[in-house]
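Please treat every number below as a calculation from the coordinates, not as lab data. What you see is a predicted model, and the numbers here were worked out from it, not measured in a lab. Neighbour counts are summed over all protein chains in view; Cβ atoms, including those assigned to glycine, are modelled from backbone coordinates with ideal geometry.
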Amino acid sequence: MMLSIRPNPNKRRSRRLRKKLRIAEFQQLGFDYSIVWTQFPAINPQDSFIDRFLNEVILERELLLGGGCREGFILGSGESPTVIDQEAVRAWLSAFPGVAQVNIGPLVDAWYEAQ
């Protein structure tokens, strides 16, 4: 995902432009995750992991996933994810067989770098 510098928040913009720029009330948050495996799974178990992760957590909570078996970024399909979504992702990943450690990042702006 290409991040850029956030537009000046003090400049007056129309609602339409704020929506296009994904700022103010249209800001979209997300968080990253990383997984440390006891032994990295082969191809078929990776497919099974991703299928289950998508069906049991991501789609169930109306989230979007960019990433895979080692790391990725999660954001909401409509609303931004919440701390509860972060904890649900952490709990599911931690309980998956073969996962040694899970790191969940803080909620950050999905489109712009922090200033």
For the chain, count the residues as N, evaluate 2.2 N^0.38 Å, and divide the Cα radius of gyration by that value, please.
-> 1.22
Charge-dipole axis of the chain as Lys and Arg at +1 and Asp and Glu at -1 on Cβ define it, positive-most pick from G105, N55, N8 = N8
C-alpha long axis of helix 83-95 to longest principal axis of the chain, angle in ° = 20
For the chain, what is the relative contact order in percent, using Cα pairs closer than 8 Å and at least 6 residues apart in sequence?
-> 42
Contour excess over end-to-end distance, with Cα ends at V36 and E62 and 0.36 nm allotted per residue | 6.9 nm
Between S80 and R16, Cβ-based FRET efficiency (R0 22 Å, step 0.05) works out to 0.65
About the Cα centre of the chain, what is the dipole size in debye to 20, counting +1 per Lys and Arg Cβ and -1 per Asp and Glu Cβ, all else neutral?
-> 1000
